[in-house]
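Colleague: Would you mind keeping the following structure in view while I ask a few things?
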Amino acid sequence: MNPHEIIKYPVSSEKAVRLMESDNKLTFMVSRKSSKTDIKIALEELFKIKIEKINTLILPGGKKKVYATLSAETPAIDVATKLGLI
């Protein structure tokens with residue numbers, strides 16, 4: 001599956017920014033059919049980052065949100081700046 005089909009868009013809410021700063025996490029909306037493994041591979045391929053952990057959440061509207069914890073050597077703030085979130 002194409003990484004651009006899996007990762008829809010980054011989330012830039014207040015909570016997402018707080019998680020970037022405190023827990024080194026990025027938040028994305030993803031395809032409902034994608035698995036954690038698919039998401040991890042897609043994120044690492046698209047943004048050239050190392051992911052430690054993936055948490056997924058299905059929202060009441062049927063969308064799927066992902067909290068990706070980055071490794072210590074990759075600051076989430078740097079990646080967010082490249083994406084234009086901050």
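Colleague: Across region 43-86, what is the number of residues that are among the basic types (Lys, Arg) and in contact with an Asp or Glu (Cβ under 8 Å, 6 or more places away or on another chain)?
Modeller: 1
Colleague: Test Lys53 against the stated conditions and say whether it is within 11 Å of the chain's Cα centre (by Cα) and free of Cβ contacts under 8 Å to residues at least 24 places away in the same chain.
Modeller: Yes, satisfied.
Colleague: Continuing with the same structure: Would you mention how many residues in region 44-64 are surrounded by 14 or more Cβ atoms within 10 Å (Cβ to Cβ), at pLDDT 95 or above and within 22 Å of Ser22 (Cβ to Cβ)?
Modeller: Matching residues across region 44-64 total 3.
Colleague: Which condition number does Leu83 fail, the rest of (1) exposed (fewer than 13 other Cβ atoms within 10 Å of the Cβ); (2) under 17 Å from Val30 (Cα atoms); (3) at pLDDT below 95 being met?
Modeller: Checking Leu83 against (1) exposed (fewer than 13 other Cβ atoms within 10 Å of the Cβ); (2) under 17 Å from Val30 (Cα atoms); (3) at pLDDT below 95, the one that fails is (1).
Colleague: Being of a type in the set (Phe, Trp, Tyr) and buried (at least 16 other Cβ atoms within 10 Å of the Cβ) is the requirement here; does Tyr67 meet it?
Modeller: It is true that Tyr67 is of a type in the set (Phe, Trp, Tyr) and buried (at least 16 other Cβ atoms within 10 Å of the Cβ).
The values are calculated or read from the model by the stated rules, or taken from the named source; none is laboratory data. On a predicted model such as this, the values are computed, not experimentally measured, just so you know. Reconstructed Cβ throughout: ideal geometry from the backbone, glycine too, with neighbour counts over all protein chains shown.
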